[in-house]
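Here, each number is a calculation from the coordinates, and none is a lab measurement. As the structure is a computational prediction, the values presented were derived from the model and not from experiment. Every residue, glycine among them, receives a Cβ derived from its backbone with ideal geometry; neighbour counts consider all protein chains shown.
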Amino acid sequence: MAKLKVLTFPDPRLRKVAVPVTKFDKSLEIITADMLETMYAEDGIGLAATQVNIHERIIVMDLSEERNDPKIFINPEFKILDDKSLLSFTEGCLSVPGITEEITRPDNIYLTWHDINGKQHEEEPSGLLTVCIQHEIDHLEGKLMVDYLSPLKRDRIRKKVSK
């Protein structure tokens, strides 16, 4: 396994939209293992492939306190089931180091994804998983948590992170 370099805002590669994974093979296993190693080394709870300059629809995550329950989401997609049910959460991001901001997102979603072997799964997640999956899918769409903030706040963060 190898630790990968995490891109940081305002790197333009973070704005690239990821393409679907079409091959479920050994190279996918290597990529996800490297992403997990990187996420753990950076003390994150989620990492999208876009953040490590791999522009495929891959997310790794571990929300367990023990850091021993890794999850891999290939080609994840979600639909909002109730746009009136919202959840506010203080989010951080490995690509926007040292910054946390309260972001409001839908709390009721329907999630589909494939596992590392290509088997499809579906779930209606709740709580932290709902927040994290939306945050990471945003990365795959070229969107960052700073996009939810005012232009003034975003510019302030850009200056702080660029120092």
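Fewest-first ordering of L28, L128, L140 by other beta carbons within 10 Å of each residue's beta carbon gives L128, L28, L140. Relative contact order, whole percent, for segment 84-148 stands at 26, derived from Cα pairs under 8 Å and 6 or more residues apart. Count the lysine pairs in the chain whose Cα atoms sit under 20 Å apart, keeping only pairs 8 or more residues apart in sequence or on different chains. Close lysine pairs under the 20 Å cut-off: 19. Could you please report the charge total around D107, scoring K, R as +1 and D, E as -1 over all other residues with beta-carbon less than 15 angstrom from its beta-carbon? Overall, the nearby charge balance is -3. Over segment 88-163, the Kirkwood radius and the radius of gyration, each from Cα atoms, give a ratio Rg/Rh of 1.04. Computed about the Cα centre, the dipole magnitude for segment 12-162 is approximately 880 debye when only Lys and Arg (+1) and Asp and Glu (-1) carry charge, each at its Cβ. Taking the inverse of the mean 1/r over every pair of distinct Cα atoms in segment 12-162 gives a Kirkwood hydrodynamic radius of 15.8 Å. When only Cα pairs below 8 angstrom with a gap of at least 6 residues are kept, segment 30-123 shows a relative contact order of 21 percent. Take every pair of alpha-carbon atoms less than 8 Å apart whose residues are at least six positions apart; their mean separation over the length of the chain yields a relative contact order of 25 percent. Its DSSP H runs of at least 4 residues, each contributing -39,500 (n - 2.57), put the calculated 222 nm mean residue ellipticity of the chain at -8500 deg cm²/dmol, to the nearest 500. Taking amide hydrogens as placed 1.01 Å from N in the peptide plane, the amide H of I109 sits under 5 Å from those of L81, each at least 5 positions away in sequence or on another chain. Computed from phi, the 3J(HN,Hα) profile of segment 34-44 under the Karplus parametrisation 6.51, -1.76, 1.60 (θ = phi - 60°) reads 5, 5, 4, 4, 5, 4, 5, 5, 8, 6, x Hz, with x in place of Gly and Pro.
The length gained on full extension between E124 and K160, counted as 0.36 nm times the residue separation minus their Cα-Cα distance, comes to 9.3 nm.
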